[in-house]
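Worksheet for the structure shown next.
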Amino acid sequence: MAFEHRAKLFVSENVRLIAGVLLVLGLLCFAGAGYVFVTPTTQTLTEQTDQQTFSTRVDESALVTQATPLYDEGERIENRSVYFTGISPELTFTMNTSVPADQQVEVHQQLSLELLGVRGDQPFYRSERSIVDTTRQVQDGLVSTTATVNVSDVSQELAVLVEEVGNAGQFLLRLQMNVTYRTDAYQGSLQSTVPFVISGNSYYVDGTLSAERTESTTVTREITRPPSPVEYGALAVLGLLMVGAAAAVTRVEDRVDPEELRTRIAHDQHQEWISRGQFPTDSEKQYISILTLEDLVDVAIDTNRRVIHDPQIDAYAVIDSSEIYYYALEDVEAGEWLEI
């Protein structure tokens, strides 16, 4: 309750200042609402336009040259996890590049088989076999190129090199894809690399050769939109609340007794010295009126006595042998009750 009493006392003692501040704040809110209402909002938008997608994928297939328990002679097997040089000595690669249609696009397709000799992390030998190297102008959105590699020849070449090097190093094979494109608006490249493994009488492509890229043009533009009712409406409502609060504060001065609030605050501060009860109305004792409750508490402290609070007449007293020191909010009523 002490905080509530202090707050009420502060308001009662500063009614005009608080009401003035609230009124000014309310007017500022109304002004802000009016400004928001008449001021449109400009927003900058960034968009990606003229999007074009370029993609490439390499598929492989092999022709079976002799009948086996696995495959029939003349059968073409595609995108398998493993092939065999004894029955499929040649591997065919098909590069399919998709580009935007209905426009002129220049596409350069490259596919190569790189043979790299390394010791640890350091290379000591490198050779490259070109499989596909073409440049074409297209308008239908698709470039397709097919080329064949004799894996048996590659295997024999690799065997010779391995025998020559022995344990001094090792050889790695890898397929490298590189596709470049050019349009009126864009140019770029698509790249991918995967290992190509030859092990004994088998071989395989360890992964998928593919890549995709989307090109776009960044466009920035400004748009103007009217203010939202929520924006200026919230300010207007806040302004009304401020003005209403200012009107309510002005009525506090008539409803609140500052002296009573000070007494309540003093009561809360010194309640350890105050006890509820009734003090005697014996006319033989001398009644001494004290101006404030704080002063009465000082008397109690000085005389090592307690303050008695009589809630019936809302009066406080310190009772001595021959005197009664008292304080009451309504001194006239207290005097009549005490018959003094």
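The values are calculated or read from the model by the stated rules, or taken from the named source; none is laboratory data. The model shown is predicted, which means the values in this text are computed figures rather than measured ones. All Cβ positions, glycine included, derive from the backbone under ideal geometry; neighbour counts span all protein chains shown. Just so you know, the surface numbers come from the protein's heavy atoms only, side chains and all, with ligands and any DNA or RNA stripped out. Shrake-Rupley method; radii C 1.70, N 1.55, O 1.52, S 1.80 Å.
Taking strands (runs of 3 or more DSSP E) that fall entirely within segment 122-229, which contain at least 2 residues that are open to solvent by less than 40 Å² (accessible area, probe 1.4 Å) and closer than 24 Å to residue 98 by Cα?
122-138, 142-150, 170-182, 187-199, 209-225
Looking only at segment 65-121, filter to residues that are open to solvent by 40 Å² or more (accessible area, probe 1.4 Å) and among the aliphatic types (A, V, I, L, M); which one of those is farthest from residue 213 (Cα to Cα)?
Ranking the qualifying residues of segment 65-121, first place goes to 67.
Being touching a Ser or Thr at 6+ places or on another chain (Cβ under 9 Å), modelled with pLDDT under 95 and open to solvent by 40 Å² or more (accessible area, probe 1.4 Å) is the requirement here; does residue 256 meet it?
no
What's the number of the condition residue 334 fails, among (1) exposed (fewer than 15 other Cβ atoms within 10 Å of the Cβ); (2) modelled with pLDDT under 80?
(1)
Could you say which residue among 318, 297 is assigned to a helix (DSSP H, G or I) and either more than 60 Å from the chain's Cα centre (by Cα) or at pLDDT 75 or above (or both)?
Result of the check over 318, 297: 297.
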